[in-house]
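Colleague: My questions will all concern the structure given below.
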Amino acid sequence: MINQRRADGSLRHLTTLDGLRRAEIEQLLERASAYVCAPGQMPPRNQNLAGVTIGNLFTEPSTRTRVSFELAGRRLGADVVNLEVQLSSRAKGETMLDTVHTLESLHFDVFIIRDSQSGVVAHVAANVMPHVSVLSAGEAHVSHPTQGLLDALTVRQCKGDRFDQLTIAIVGDIRHSRVARSAYEAFTGLGVGELRLIAPPALMPAAEEFPQGQRFTSPETGLPGADVVMMLRIQKERMEAAAIPDGEEYFQRFGLTPQRLALAKPDAIVMHPQPMNRGIEIESSVADGPQSVIRSQVSNGVAVRMAVLETVVRPGGSRT
Ligand code: NCD
């Protein structure tokens, strides 16, 4: 793990939520709350990052994360450039770093990186100029820190800030999910009361991972009493073909149906980071139903990314 901080302790990079203090997570969520905006309203914008140049470097597909990082930068007055980066998997870290060094010469100040290989984001962060910040937009199965924050913000909006009174269930392909790892760090960082991991044995993470999670092998045993039900996509791209579960059978055993959701608390919320496989991990009527906050998660993504960008670029507070 790299040091994400400057010498004065302020946050310079965000490659993981691991190591963030509770107060720092809360401050990020506070700052993000100020940028939350209901659909149809004019989104907040300012010039706090005027003059800053941000590069989006994505080597894996992305819709929500890329677009919301782009909007976040633009709404803070920064210049944002999206680069399609094709890298040969051999020496990926080095080629990514060459691209980054070229862009540094063009006065880029922030790099937002998504990559399927673990370590690339940290490698870049460890080798950029001192004034440059690097943010992860999703690293292999390892981490997706802004997703963890937007998930925490969504839970807080719906359930309040007493995480110690909440039971949160994460359901599905936890083993291959960077979303689950960052959500775990955010929720445990905020002092969650009970965290449950619900997955078939093949999709359960290793025993030493998620130490605070209680493990369940069926929704019937894991969902009763949950305040939050977070569903995950099966990450086929991170599995051997033979290990990919059969969609129909998976839906029978783990798919979130109205009947299964009824096992959780009556006011439980349903989350999913998207993209969703309707009819595999979640039934459409639940994804689009009254307990779903999946669309709020997307809106909150922009607010959280605005807060993170401001925090790393202007550690002393916003510039007017
Ligand atoms: C996720 C991702 O790419 O990690 N999507 C996202 O960023 N919202 C989840 C996924 O791909 O299943």
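A short reminder: the numbers here are calculations on the coordinates, not readings from a lab. Since the model is a prediction, treat every value here as computed from it, not as a measurement. As a convention, Cβ positions derive from the backbone with ideal geometry for all residues, glycine included, and neighbour counts pool all protein chains shown.
Colleague: Largest first and to the nearest Å, give the Cα extent of the chain along each principal axis.
Modeller: Dimensions of the chain along the principal axes of its Cα atoms: 55, 43, 35 Å.
Colleague: Give me the log10 of I(q) over I(0) for the stretch 263-320 at q = 0.17, 0.18 Å⁻¹, as the Debye formula computes it from C-alpha points; what are the numbers?
Modeller: -0.66, -0.70
Colleague: Only four residue types carry charge here, +1 at the Cβ of Lys and Arg and -1 at the Cβ of Asp and Glu. Report the dipole size of the chain about the Cα centre in Debye, rounded to the nearest 20.
Modeller: Using Cβ point charges on Lys, Arg, Asp and Glu, the chain gives about 600 debye.
Colleague: Under a 5 Å amide H to amide H cut-off, with H placed in plane at 1.01 Å, what residues pair with residue 214 once short-range neighbours are removed?
Modeller: Hits under the 5 Å cutoff: 195, 196, 197.
Colleague: Oh, and also: Run through all the Cα pairs of the stretch 145-294 and give the fraction in each 10 Å bin from 0, expressed as whole percent.
Modeller: The percentages, shortest bin first, are 12, 47, 36, 6, 0.
Colleague: Follow-up question, since we're still on this one. Using a 10 Å cut-off around each Cβ, can you sort 271, 1, 276 from fewest to most neighbouring Cβ atoms?
Modeller: Least crowded to most crowded, the residues run 1, 276, 271.
Colleague: Under a plain spin-label model, where a point goes 7 Å from the Cα along Cα-to-Cβ, how far apart in nm are residue 217 and residue 116?
Modeller: Result: 3.1 nm between the two label points.
Colleague: What is the spread of the Cα atoms of the stretch 77-210 along each of their three principal axes, largest first, in whole Å?
Modeller: 49, 38, 22
Colleague: Additional query: Each residue of the stretch 166-176 in order: what ³J(HN,Hα) in whole Hz does its phi give by Karplus 6.51 cos²θ - 1.76 cosθ + 1.60, θ = phi - 60°, with x for Gly and Pro?
Modeller: 9, 10, 10, 10, 9, 10, x, 7, 6, 4, 9
Colleague: When the chain is treated as a GNM, springs tying every alpha-carbon pair under 10 Å, which of 273, 205, 61 comes out with the largest mean-square fluctuation?
Modeller: 61
Colleague: Right, next: For the stretch 147-213, take every pair of Cα atoms, bin their distances at 10 Å starting from 0, and report each bin as a whole percent.
Modeller: Histogramming the stretch 147-213 at 10 Å steps yields 22, 57, 20, 1 percent.
Colleague: With springs only between Cα atoms under 10 Å apart, run a GNM on the chain and tell me which of 148, 222, 279 wobbles the most.
Modeller: 279
Colleague: Shifting gears a bit: Given the options 272, 144, 101, state which has the largest fluctuation in a GNM of the chain using a 10 Å cut-off (strictly under) for Cα springs.
Modeller: 101
Colleague: Give, as ranges by residue number, the residues of the stretch 30-44 whose backbone N falls under 16 Å from the point 7 Å along Cα→Cβ of residue 295.
Modeller: It comes to 37-42, nothing else.
Colleague: Let me test this: with uniform point scatterers at the alpha carbons of the stretch 1-79, what is the Debye-based log₁₀ I(q)/I(0) at q = 0.11, 0.21, 0.24 1/Å?
Modeller: With one equal scatterer per Cα and no solvent, log10 I(q)/I(0) is -0.38, -1.31, -1.36.
Colleague: A follow-up question, please. Just rank 36, 228, 302, fewest to most, by other beta-carbon atoms within 10 angstrom.
Modeller: 36, 302, 228
Colleague: Ordered by residue, what ³J(HN,Hα) values in Hz, to whole numbers, does the stretch 143-150 give under the Karplus form 6.51 cos²θ - 1.76 cosθ + 1.60, where θ = phi - 60° and Gly and Pro are x?
Modeller: 7, 8, x, 5, 5, x, 5, 5
Colleague: Right, another one. On each of the three principal axes of the Cα atoms of the stretch 181-248, give max minus min coordinate, whole Å, ordered largest first.
Modeller: That gives 38, 24, 19 Å along the principal axes, largest extent first.
Colleague: From the phi of every residue in the stretch 282-298, what ³J(HN,Hα) in whole Hz does the Karplus formula 6.51 cos²θ - 1.76 cosθ + 1.60 yield, where θ is phi - 60° and glycine or proline is x?
Modeller: Couplings: 8, 7, 4, 5, 7, 4, 9, x, x, 8, 6, 10, 4, 6, 5, 4, 5 Hz.
Colleague: May I pose another question? Quick one: compute a quarter of the convex hull surface over the Cα atoms of the stretch 45-147 and quote it in nm².
Modeller: Value for the stretch 45-147: 6.1 nm².
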